[in-house]
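Each value in this text was obtained by applying a stated rule to the coordinates, not by laboratory testing. If you're wondering where the values come from, they're calculated on a predicted model, not measured in any experiment. Every residue, glycine among them, receives a Cβ derived from its backbone with ideal geometry; neighbour counts consider all protein chains shown.
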Amino acid sequence: MASPHNNVNSREKITYTYKISWSQAKNKLKKFYKVYFQKTKANLKLALLPQWMDEYGRLLELENSRHLPKYFNILRQGTIVMVNFGVGIGSEMSLNHFAVVLTKNDSKFKHTVIVVPLSSKQHPKEGYLPLGYVITDKLVSRSKERSDKMLKLAQKGKENIDYLMKNASINSQVSPKSYNYFLQHGLDIKDFSKTPFDYSNYRKTKLYTNYQTALRINEELNDKEMSKFLNSLTETFKKSDELSILVQKIQPGIRELETLTKKAKKYNNQTYADVGNITTVSKLRIIKFSKFNISENTQVSQDVIDKILNRLNDFI
């Protein structure tokens, strides 16, 4: 049994001493060690026990060292979250499962929320409430929402470049004198209109080589129409760089969406709320994978929340 030291100032950190010896403490862990170090694990919970103890120790260390976050995410009632429930006993919810937040009026200062776990497996015990295909629907909806947004961004950038290239005309505007001057210096201006354009690799194209050559020649000639044309190409290349950066940012998102699609297939079953296992969890147990996933990023409808709360009344 723990007892705080005497004469501790209220502002100081309180420490505790234990009335059992170290050998007695180790002795109390004998049964746990026997299960923990079994070579053959009897079930999934036992197999994942070392993983959970590692995570549990990490969380306790955070708390003990006072490195907990000062503020936490505010979770609206109905938010779907992925929770690490750890290793429970019997029919207690264990391991990683989606859950619905039931807490009202959450704040950034609250460390815990009330959740009801979700399951994709039907169970005969009382308290399993069918909710339809809520997880699958949310996964598909989230995937479509993100993919549509990324495709629109990429399409807008591509249209911008196509517009610039379409309006970058030079052959009919340069005077014969200027045309011949460029030709004498090894550049046929007509080559600009014959060169295909690839925004993602434009620095290795003939168009870009001709552009650099034209810049050097026009420093001496200073042809106004050529200067205007070269400025339009400069803007096109700038937009190409912006689009390339955008595509680089989008690519990880596309991979995330592929993962999300696979998960949608995995969760392509009816969802059940395990109302009998309603519990309070630390927000540190909530796993937010990324902005592309549904954990913390989406909510169930008010109808679903009402169904859960109505069934909960049967248990209270």
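Calculate, in nm to one decimal, what S244 and I89 gain on full extension: separation in residues at 0.36 nm each, minus their alpha carbon distance.
On the way: separation 155, 0.36 × 155 = 55.80 nm, distance 5.19 nm.
Gain on extension, S244 to I89, equals 50.6 nm.
Using the structure shown, select from K177/K224; K158/K249; K156/K204 the pairs with a Cα to Cα distance greater than 20 angstrom. Numbers along the way, then the final one.
On the way: K177/K224 13 Å; K158/K249 15 Å; K156/K204 24 Å.
Over 20 Å apart, Cα to Cα: K156/K204.
Between K104 and F37, what length comes free when the chain is fully extended (0.36 nm per residue of separation minus the Cα-Cα distance, one decimal in nm)?
On the way: separation 67, 0.36 × 67 = 24.12 nm, distance 4.20 nm.
Additional length available on full extension: 19.9 nm.
In square nanometres and to one decimal, what's the mean projected area of the convex hull around the Cα atoms of the stretch 175-252?
Working: hull surface 21.0 nm².
Quarter of the Cα hull surface area: 5.2 nm².
Given a Förster distance of 25 Å, report the FRET efficiency between F315 and A47 from their Cβ-Cβ distance, rounded to the nearest 0.05.
Numbers: r = 31 Å, r/R0 = 1.25.
About 0.20, to the nearest 0.05.
Kindly provide log₁₀ I(q)/I(0) values, in the same order as q = 0.25, 0.34 Å⁻¹, from the Debye equation applied to equal alpha-carbon scatterers of the stretch 43-85.
-0.94, -1.11
FRET efficiency for D188 and D148, Cβ-Cβ distance as r, R0 = 41 Å, nearest 0.05?
Numbers: r = 44 Å, r/R0 = 1.07.
For R0 = 41 Å, the calculated efficiency reads 0.40.
How big is the Rg/Rh ratio for the stretch 22-106, C-alpha atoms only, Rh by Kirkwood, two decimals? Write out the running numbers ahead of the final one.
Values: Rg = 16.6 Å, Rh = 15.6 Å.
Taking Rh as the inverse mean 1/r over Cα pairs, Rg/Rh reads 1.06.
What order do you get for 76-88, 50-62 when each peptide is scored by the mean count of other beta carbon atoms within 10 Å, highest first? Before the final figure, lay out each step's value.
On the way: 76-88: 19.5, 50-62: 12.6.
Those peptides, ordered most packed to least, come out 76-88, 50-62.
By the scheme Lys and Arg +1, Asp and Glu -1, what is the net charge of all other residues having a beta-carbon under 12 Å from that of H111? Let's see the in-between values first.
Details: positive: K70, K108, K110, K283, R285; negative: E63, D106.
Net charge in that neighbourhood comes out at +3.
Taking 0.36 nm per residue of sequence separation and subtracting the Cα-Cα distance, how much length would be gained by fully extending the chain between L62 and K26, in nm to one decimal?
Numbers: separation 36, 0.36 × 36 = 12.96 nm, distance 2.33 nm.
Length gained, L62 through K26: 10.6 nm.
Which parts of the stretch 219-255 would a label at S175 reach, counting a residue when its backbone N lies under 13 Å from a point 7 Å out along Cα-to-Cβ?
Label zone hits: 221-226.
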